[in-house]
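Have a look at the structure below before the remarks.
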Amino acid sequence: MLDQVLFSIAKRRPPSPPFTSFKRLYQSNSGHRLTEEQLYADRLRKCGESFDLNNGKSLHANFIKSSLSSSLYLINHLLNFYVKCGRLTDGLKVFDEMPERNVVSWSAIIAGFVQHGYPDRALSLFSGMHREGVVRPNEFTLVSALHACSLSEDLVQLYLVYGYIVRLGFGSNVFLVNAFLTSLIRHGKLLEGKRVFDECEAKDIVSWNALMAGLLQYCYQEIPGFWYRMSCEGVKPDNFTFATVLTGLAAINDLKLGLQVHSQVVKSGHGGEICVGNSLSDMYLKNQRVVDGFKVFNEMHCKDVCSWTQMAAGFLQCGEPVKALSLVAEMREMARVRFVKQDLPVADWGTHWDADTGVAIPECI
């Protein structure tokens, strides 16, 4: 689905300058000492960023006819172009035909399969890299392998990959520790995740957020204690931290701590971000503080569909169906979001749906 969306966007883009302009571009930039190889690489990079498959293929066709066809630097750019465009088969063909590969080549193809939803294929490639034993993986390769493990159902692979990481001497690398921690949590191994977190000597905000997200998913009663620990250790929360802790406090109806977190949100300047505003509003609504929740909602400069439906549901839960309907009408008038009927609880609204608006009408109105 993502590939289809990206390609449809690419098709609607104005056409890039044809390849015939490439030689002129090379000549006009000669004063800047850009080599032909660098210009090929730059054009391939731009084609990848804009999902411009047609011009990228034209570059490929001309590239293989040139004297640079054996340039590992350019072949890696070509591989990365196909991967970014979601053309994994083409990317794999380029990869398989490479006379030599370096760590960039392996990292690009492995990351491509992970990012496009093929974690097991990515792990197969990573195993092939290990079996060949020619190229040593770097932290980018290993992060992609751990990401693949987090998406794969094979938990054994996760332990094997991390054991290999430790043997390579990357056991203290915080980026890899964070990736391992995230993978453990995605597999439901919260206790092991806690141990990895506690043993990490170079925790960053990503480490704290990863475990906070795990607590929210599996043991949200521990979130207040974890938040206090975070504060005592002087860790500066970001928008994800605030959104997660507020969601957890909403789940346990801890209004007292919620008010303290709200004051920190204001001081930090993260109050204007959608994810934080939604979580803050939800915290007040879950505690039946509908006036405070609505105030937060009104102060949000940007709102998404979650903001509107959450607030409407909050009015319903607090016995204000007329205000809920008014809010839905306002949302439709502003035409900034599309409203889906499943976003509001059918049981609370009754069973009559307006076929034109997709809005549930309470039977009592």
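Of all residues in segment 270-306, count the ones that are closer than 20 Å to residue 238 by Cβ, assigned to a helix (DSSP H, G or I) and aliphatic (A, V, I, L, M).
5
Output the residues belonging to segment 311-327 that are crowded, with 16+ Cβ neighbours inside 10 Å and within 14 Å of residue 289 (Cβ to Cβ).
311, 314, 315, 318, 320
Give me the pairs: first residue in segment 93-117 and under 17 Å from residue 140 (Cβ atoms), second residue among the aromatic types (Phe, Trp, Tyr), beta-carbon distance under 7 Å, and six or more apart or on different chains, which are they?
Note: pairs meeting the criteria are 105/95; 107/140; 109/95; 110/126.
Output the residue which, of all residues in segment 38-55 that are over 15 Å from residue 71 (Cβ atoms) and under 26 Å from the mean Cα position of the chain (by Cα), is surrounded by the fewest Cβ atoms within 10 Å (Cβ to Cβ).
Of everything passing the filter in segment 38-55, 49 is surrounded by the fewest Cβ atoms within 10 Å (Cβ to Cβ).
Based on this model, can you work out whether residue 62 counts as modelled with pLDDT of 90 or more and either of a type in the set (Ser, Thr, Tyr) or assigned to a helix (DSSP H, G or I) (or both)?
The answer is no for residue 62.
Which ones in segment 242-264 are buried (at least 22 other Cβ atoms within 10 Å of the Cβ) and either within 14 Å of residue 217 (Cα to Cα) or basic (Lys, Arg) (or both)?
243, 244, 245, 246, 248, 249
Cβ-Cβ under 9 Å, sequence separation 6+ or interchain: first residue in segment 228-251 and more than 12 Å from residue 212 (Cα to Cα), partner surrounded by fewer than 17 Cβ atoms within 10 Å (Cβ to Cβ) and of a type in the set (Asp, Glu). Which pairs?
235/204
Restricted to segment 87-107, and to residues that are surrounded by fewer than 20 Cβ atoms within 10 Å (Cβ to Cβ) and either touching an Asp or Glu at 6+ places or on another chain (Cβ under 8 Å) or among the charged types (D, E, K, R) (or both), which residue is nearest to residue 42 (Cα to Cα)?
90
Output yes when any residue across segment 180-189 is without any contact (Cβ under 8 Å) to a residue 60 or more places away in the chain, over 25 Å from residue 144 (Cβ atoms) and in contact with a helix residue (DSSP H, G or I) (Cβ under 8 Å, 6 or more places away or on another chain), and no when none is.
no
Of the residues 256, 267, which is basic (Lys, Arg), in a helix (DSSP H, G or I) and under 14 Å from residue 289 (Cβ atoms)?
Exactly one residue qualifies, and that residue is 256.
Would you call residue 162 surrounded by 15 or more Cβ atoms within 10 Å (Cβ to Cβ) and of a type in the set (Ser, Thr, Tyr)?
Yes; evaluated as a whole, the condition is true for this residue.
Take residue 214 and tell me if it is farther than 22 Å from residue 137 by Cα, more than 20 Å from the chain's Cα centre (by Cα) and crowded, with 19+ Cβ neighbours inside 10 Å.
No, not satisfied.
The values are calculated or read from the model by the stated rules, or taken from the named source; none is laboratory data. Everything numeric here is computed off the predicted structure, so don't read it as measured data. FYI the Cβ positions are ideal-geometry reconstructions off the backbone, even for glycines, and counts take in every protein chain you see.
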